Amino acid sequence: MTTDTGTAEAEHIPGIEVKPVAGHIGAEITGVDLAGELDDAVVAAIRSAVLRWKVVFFREQRLDHAGHVAFARRFGEPVALRKRGGASPPGFPEVETTADRLELGGRFGMEHDEWLQRRRHTLLRGWHCDHGARIDPPAATILRAETVPPYGGDTTWSNLAAAYAGLSAPVREFVDGLRVEHRLGVGYRSRPGDDSYVRHLLDHQVASLHPLVRVHPETGERILYVNGYYVEQIADISRAESTAILDMLLEQAVRPEYTVRFRWEPGSVAFWDNRATIHLAPGDNAHLGFPRTMHRVMLAGDVPVGVDGKPSEPVVGTEAGRW
Ligand SMILES: [Fe+2]
């Protein structure tokens with residue numbers, strides 16, 4: 001399936017429209033009831049639009065948990081979250097509900113704000129792909145909104161293929177061969193004395209060595225595979241060199257022209273390619289105190305492969321296919 005045909009295919013399906021919403025990323029798809037029976041042609045059109053536009057949006061949907069999982073299954077294998085069972089509704093290990101995110105700090109004996117501050121090792125820390133420190137990060141995420149604040153709480157995505165293409169040729173050549181360690185909990189500044197979050201991180205270590213430029217398994221595009229959340233260090237160069245280079249690349253990755261921002265409504269669904277994008281969890285709603293309840297289903301993904309054809313390598317706590 002090629003990326004070029006995405007919009008065209010959808011245009012040939014009566015009643016369905018793929019409307020791009022920004023220059024490099026994001027399209028709204030109208031005329032599809034995700035809770036209904038979807039023809040193979042509709043599924044193919046959605047898949048093409050995701051590959052072409054990296055994130056697609058649907059509004060006024062009426063998916064429940066079962067419908068959400070059934071929709072996801074048309075596109076891949078939903079990940080069953082054995083370890084995160086507490087965040088899943090009973091009977092739906094593939095669904096993760098994110099309403100309780102704001103209480104995470106409390107689990108480690110801290111106010112949420114302190115926990116956030118201790119984790120903020122860079123101003124771009126919130127930018128991430130889902131589970132990027134795993135050896136096989138999810139291929140895609142399908143997120144649906146149940147309850148949203150009246151204002152605040154938008155999500156922003158960035159197109160990492162466009163960000164790579166926007167680098168100058170000599171820099172592209174330089175980064176093509178590099179490898180980067182991605183690690184859960186990178187940059188956390190521990191509390192004096194006993195810190196239960198440090199203990200948690202030591203008990204749940206996850207790290208992988210990923211190519212800095214990965215080749216997309218479906219589109220063949222080169223992806224500037226950086227984020228502000230898991231990226232630890234470029235392999236085989238000094239810490240100082242690595243920090244400067246990663247800062248520059250991350251700034252490139254999230255330049256406004258590569259991004260799209262989405263305003264959620266109840267029933268909105270966003271479906272993104274987690275291999276070709278990073279996204280920014282909202283940081284402007286916690287202080288408002290409005291409820292925000294989202295449900296997420298992720299599709300299993302491949303082990304990334306670099307420009308040289310070599311796959312990522314596990315460092316600790318991660319095994320392909322094992323969640
Ligand atoms: Fe996320």
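Does any residue in the range 163-181 that is closer than 28 Å to V206 by Cβ and surrounded by 14 or more Cβ atoms within 10 Å (Cβ to Cβ) come within less than 6 Å, Cβ to Cβ, of a residue that is modelled with pLDDT of 95 or more and acidic (D, E) six or more places away or on a different chain, and which pairs are these?
Listed pairs, sorted by first residue: E181/E232.
All but one of (1) surrounded by fewer than 17 Cβ atoms within 10 Å (Cβ to Cβ); (2) away from the ligand (no atom under 14 Å from the Cβ) hold for V315; which doesn't?
(1)
I need every pair where a residue in the range 55-84 that is closer than 28 Å to E319 by Cα has its Cβ under 6 Å from the Cβ of a residue that is hydroxyl-bearing (S, T, Y), sequence separation at least 6 or different chains.
L81/S88
Across the range 285-310, which residue is nearest to the ligand (Cβ to nearest atom) among those that are assigned to a strand (DSSP E or B) and surrounded by fewer than 18 Cβ atoms within 10 Å (Cβ to Cβ)?
First pass over the range 285-310, keeping only residues assigned to a strand (DSSP E or B): 293-299, 305-306.
Of the ones still in play, those that are also surrounded by fewer than 18 Cβ atoms within 10 Å (Cβ to Cβ) are 293, 305.
On the way: T293: 15, V305: 23 Å.
Looking at residues that are assigned to a strand (DSSP E or B) and surrounded by fewer than 18 Cβ atoms within 10 Å (Cβ to Cβ), I get T293.
Which of the residues belonging to the range 271-284 are away from the ligand (no atom under 14 Å from the Cβ) and surrounded by 17 or more Cβ atoms within 10 Å (Cβ to Cβ)?
Within the range 271-284, the first condition is being away from the ligand (no atom under 14 Å from the Cβ), and the residues that meet it are 276, 284.
Residue satisfying the conditions is A276 alone.
Report whether or not Q233 is outside any loop (DSSP other than H, G, I, E, B), within 30 Å of R107 (Cα to Cα), in contact (Cβ under 8 Å) with a residue 24 or more places away in the chain and not hydroxyl-bearing (S, T, Y).
Details: outside any loop (DSSP other than H, G, I, E, B): yes; within 30 Å of R107 (Cα to Cα): yes; in contact (Cβ under 8 Å) with a residue 24 or more places away in the chain: yes; not hydroxyl-bearing (S, T, Y): yes.
Against the criterion (outside any loop (DSSP other than H, G, I, E, B), within 30 Å of R107 (Cα to Cα), in contact (Cβ under 8 Å) with a residue 24 or more places away in the chain and not hydroxyl-bearing (S, T, Y)), Q233 qualifies.
Would you be able to say whether some residue in the range 261-282 is within 23 Å of A22 (Cβ to Cβ) and among the acidic types (D, E)?
Scanning the range 261-282, I find at least one residue that is within 23 Å of A22 (Cβ to Cβ) and among the acidic types (D, E), so the answer is yes.
Please determine whether any residue of the range 152-160 is polar (S, T, N, Q) and farther than 28 Å from L299 by Cα.
Taking the range 152-160 and keeping what is polar (S, T, N, Q), we get 155-156, 158-159.
Subset that is farther than 28 Å from L299 by Cα: none.
No; the residues of the range 152-160 include none that is polar (S, T, N, Q) and farther than 28 Å from L299 by Cα.
Might you check whether a residue that is within 16 Å of the ligand (Cβ to nearest atom) and either within 29 Å of H65 (Cβ to Cβ) or within 21 Å of the chain's Cα centre (by Cα) (or both) occurs anywhere in the range 164-178?
Of the range 164-178, the ones within 16 Å of the ligand (Cβ to nearest atom) are none.
Scanning the range 164-178, I find no residue that is within 16 Å of the ligand (Cβ to nearest atom) and either within 29 Å of H65 (Cβ to Cβ) or within 21 Å of the chain's Cα centre (by Cα) (or both), so the answer is no.
Step by step: first the residues of the range 272-294, then only those that are touching a helix residue (DSSP H, G or I) at 6+ places or on another chain (Cβ under 6 Å) and of a type outside the set (S, T, N, Q), then the one that is farthest from L212 (Cα to Cα). Which residue is that?
Selected residue: A286.
Residues are listed down the side, and each one gets a yes or a no for (1) assigned to a strand (DSSP E or B); (2) touching a Lys or Arg at 6+ places or on another chain (Cβ under 9 Å):
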position: R214; (1), (2): yes, yes
position: E218; (1), (2): no, yes
position: I223; (1), (2): yes, yes
position: Y229; (1), (2): no, yes
position: S242; (1), (2): no, no
position: L246; (1), (2): no, no
position: L249; (1), (2): no, no
position: Q252; (1), (2): no, no
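Identify the residue in the range 137-162 that is closer than 17 Å to A49 by Cβ and of a type in the set (S, T, N, Q) and, among all such residues, is farthest from the ligand (Cβ to nearest atom).
Ranking the candidates gives N159 first.
Go through the range 125-136 and report how many residues are within 11 Å of the ligand (Cβ to nearest atom) and at negative phi. Walk me through how you get there before you give the answer.
Within the range 125-136, the subset within 11 Å of the ligand (Cβ to nearest atom) is 126-132.
Cutting the leftovers down to at negative phi gives us 126-130, 132.
Residues flagged as within 11 Å of the ligand (Cβ to nearest atom) and at negative phi within the range 125-136 amount to 6.
Under 9 Å by Cβ, and 6 or more places apart or on different chains, what pairs join a residue from the range 2-31 that is small (G, A, S) and at pLDDT below 95 with one that is surrounded by fewer than 19 Cβ atoms within 10 Å (Cβ to Cβ) and assigned to a strand (DSSP E or B)?
Here the result reads A10/E17; G15/T30, each pair linking the range 2-31 to a residue that is surrounded by fewer than 19 Cβ atoms within 10 Å (Cβ to Cβ) and assigned to a strand (DSSP E or B).
Please go through the range 11-26 and give me each residue that is in a loop (DSSP other than H, G, I, E, B) and of a type in the set (V, I, T), ordered by number. Steps first, answer last, please.
Step one: list which residues in the range 11-26 are in a loop (DSSP other than H, G, I, E, B), which gives 12-16, 21-26.
Matches in the range 11-26: I13, I16, V21, I25.
Starting from residues that are free of Cβ contacts under 8 Å to residues at least 40 places away in the same chain and not β-branched (V, I, T), keep the ones in the range 243-278 and report whichever is nearest to P170 (Cα to Cα).
Top of the filtered list is M248.
I'm checking my understanding of the structure. Among residues of the range 264-298 that are modelled with pLDDT of 95 or more and in contact with a Pro (Cβ under 6 Å, 6 or more places away or on another chain), which one is nearest to Q61 (Cα to Cα)?
This residue is V297.
Name the residue, out of A41, A45, that is touching a helix residue (DSSP H, G or I) at 6+ places or on another chain (Cβ under 6 Å) and either at pLDDT below 95 or not in a loop (DSSP other than H, G, I, E, B) (or both). First the steps, then the outcome.
Numbers: A41 fails: touching a helix residue (DSSP H, G or I) at 6+ places or on another chain (Cβ under 6 Å).
Answer to the check: A45.
The values are calculated or read from the model by the stated rules, or taken from the named source; none is laboratory data. Note that the coordinates shown come from a computational prediction; the quantities given were computed from them, not determined experimentally. Because the Cβ atoms are built from the backbone with ideal geometry, glycine has one as well, and the counts that use them run over all protein chains shown.
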